[in-house]
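The values are calculated or read from the model by the stated rules, or taken from the named source; none is laboratory data. As the structure is a prediction and not an experimental result, all values here were calculated from the model. Cβ atoms come from the backbone with ideal geometry, glycine included; neighbour counts cover every protein chain shown. Quick note on the areas: whole protein, heavy atoms, side chains included, nothing else; ligands and nucleic acids left out. Shrake-Rupley method; radii C 1.70, N 1.55, O 1.52, S 1.80 Å.
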Amino acid sequence: MAPRIVVFGASGYTGRLVVASLLARGVDPVLAGRSAASLQALAAPNGLTYRTADATDPSTVRALVGAGDVLVSTVGPFSRYGYAAAAAAADAGAHYVDSTGEVDFVQQLQEQFSDRAAANGATMVPAFGYDYVPGVLAGALAAQAAGTPGGYLRIGYFALGSLRRGISGGTRATLAEALTRPTAVYRSGSLFTRRMGSARYEFRVQDRRRQAFLAMGTEVLFLPGTYPVLAAVEVYNGWFPALARVAGPLTRAASALQRLPGGRKALARAASLGGLPGGGPDERERSRSGSYTVANLSDSRGYTAVEVRLQGPNVYTLTGELLAEAAVALRDGHAGASGVQGPVGAFGLEGLTALSARAGLRVL
């Protein structure tokens, strides 16, 4: 039987984007999720196959894939619901790619499933969406261009146009949880934790200077091992310039709130305010914004040595396109290594650059 691409969480917001991107590439995925009614409604117009599975019942997820298949997981928050899909792929020898933005989940996958997946010939590529492929690609290109040791790499994520009315429910939930968690930075061979928003950095975006705050990113996990010239790696978020100025006090307040009785529920309720119908922005709303990523690599004196800029479509559109491209590449045997890999480890820098370009992400 030919390898299949299975989209777990297909009827959710990100899942639907992945399905649409696969269909546009002439690929008929198998749809999977909890609700048979939702899956049937999504599958019927294109005559797709669907299977029910629940992340809280690992046996149902394990039944979705076999050796050589590709499992695309969009079921989050991943720290709660993501392990069943990852375990199913590693055990079955199925390739795996997901949309997580949770760095601690990626670290857990590295620790728990990398050896198992490698032994079964599977490649697992977590966080292969807007978080954090553009930063990994820009950072890798900058590190390769620099070539000399001691570089201090800062990566900034920005939105072109407005995201004020274009944030999905899943993103809101992830951000709410991130407010109370430490973020990782890489320094001189080790990972250190710092409070999210505890530092700011100014990047040049389309000939303007824009502030961004310290945020989480898998770049700190994957880039240093591939590019030992890097002495430090930090990731910053500049979606909302006004937020950068208050991110530090906000994360301190959120950390204090979550320690109070009912604090976690209050944060979750606040994250859900202003949620969009259907889980996220529609096509028209997505067309009003784009994505922009900067990798600034400075030398030991603080002078910029290399700067790489990438521009792409709306963050959600780009995530759907990237996941679809990765799934096809994994199905077709284009992975360069097995086990849990970052984007460069999985596809090589040249392959990642080409894959990203097909998804709409271009180097400026």
Looking at the range 153-175, can you tell me whether even one residue there is of a type in the set (S, T, N, Q) and either in a strand (DSSP E or B) or modelled with pLDDT of 75 or more (or both)?
no
For residues in the range 343-363 being in contact with a Pro (Cβ under 9 Å, 6 or more places away or on another chain) and outside any helix (DSSP H, G or I), which is most open to solvent (accessible area, probe 1.4 Å)?
Gly360
Test: Val97 is modelled with pLDDT under 95, closer than 25 Å to Gly351 by Cβ and hydrophobic (A, V, I, L, M, F, W, C)
no
Sole residue being in contact with an Asp or Glu (Cβ under 9 Å, 6 or more places away or on another chain) and open to solvent by 10 Å² or more (accessible area, probe 1.4 Å), chosen from Ala92, Ala63, Ala87:
Ala92
Restricting attention to the range 206-222, and to residues there that are more than 12 Å from Arg154 (Cα to Cα), modelled with pLDDT of 95 or more and not aromatic (Phe, Trp, Tyr), which single residue is most open to solvent (accessible area, probe 1.4 Å)?
Leu221
Within the range 213-243, the residues that are within 30 Å of Ser162 (Cβ to Cβ) and among the hydroxyl-bearing types (Ser, Thr, Tyr) are Thr218, Tyr236
For Val6: the one exception among (1) over 24 Å from Val125 (Cβ atoms); (2) within 21 Å of the chain's Cα centre (by Cα); (3) of a type outside the set (Gly, Ala, Ser)
(1)
Of (1) part of a helix (DSSP H, G or I); (2) closer than 19 Å to Val18 by Cβ, Gln110 fails just (2)
Residues in the range 115-127: is at least one at pLDDT 95 or above, open to solvent by 10 Å² or more (accessible area, probe 1.4 Å), in a loop (DSSP other than H, G, I, E, B) and more than 26 Å from Arg301 (Cβ to Cβ)?
yes
For the range 303-325, state whether one or more residues are touching a Gly at 6+ places or on another chain (Cβ under 9 Å), at pLDDT below 95 and open to solvent by 50 Å² or more (accessible area, probe 1.4 Å).
yes
Between Gly135, Gly101, which is crowded, with 21+ Cβ neighbours inside 10 Å, of a type in the set (Gly, Ala, Ser), within 12 Å of the chain's Cα centre (by Cα) and in a loop (DSSP other than H, G, I, E, B)?
Gly101
Take Ala20 and tell me if it is in contact (Cβ under 8 Å) with a residue 40 or more places away in the chain and open to solvent by 70 Å² or more (accessible area, probe 1.4 Å).
no
